[in-house]
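Each value in this text was obtained by applying a stated rule to the coordinates, not by laboratory testing. All values derive from a computational prediction rather than experimental measurement. All Cβ positions, glycine included, derive from the backbone under ideal geometry; neighbour counts span all protein chains shown.
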Amino acid sequence: MKNEKEEQNQSVGKVIGELSRAAHVFFNQQFKKYSIGHAQVRTLHFISQNNGITQAELTKYLKLDKSSVTSQLASLEKNAYIKRTISSTDARIRNINITDKTKNIFSALMKVFSSWTNILLDGFSEKEKIDVFILLEKMRENAQNKINELKENEE
């Protein structure tokens, strides 16, 4: 049982940060042979589900700044996982498509993501698994609401 001092030092942010760092280590090790970082796999996953998406749409989905997305796309393009083509409707817009190389490894990449979920939820009952996702979603909503509030106050 935790004493009062340990309870006061509990931080959801600290635990989330530790989980995030552990995920980075795990995914970087797993994806090393593909020369892909784990954030790039998330990007590839979304592009695969939305082939032909524009960079602006991708930036909005990922909730990253333009330069971060540009950097990810440059690396993915250099490694032949994606191809950017000029839009047929507007020459200023580039459509992003996955390549056959991505199609060939995609299921292996998704298995790694699934395995991480299984690792994290090992020993949880079905109800606990459902509860975790409900609570995490509520936390995500709270965080997004605060971010939106901060952005509104900047304007």
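Positive contributions from Lys and Arg (+1) and negative ones from Asp and Glu (-1), summed over other residues with Cβ under 13 Å from the Cβ of GLY52, come out at +2. Taking every alpha-carbon pair in region 15-155 and binning the separations at 10 Å intervals from zero gives 10, 32, 34, 21, 4, 0 percent. Remark: the ASN97-LEU64 segment gains 10.0 nm on full extension, using 0.36 nm per residue and subtracting the alpha carbon distance.
Label 7 Å along Cα→Cβ of VAL112; region 48-79 residues with amide nitrogen under 14 Å? So the set is 76. Semi-axis lengths, largest first, of the ellipsoid equivalent to region 93-155 are 30, 27, 7 Å, with √(5λ) applied to each eigenvalue of the Cα gyration tensor.
Per-residue ellipticity at 222 nm computed for the chain from its helices equals -23000 deg cm²/dmol, with DSSP H segments shorter than 4 residues left out and the rest contributing -39,500 (n - 2.57).
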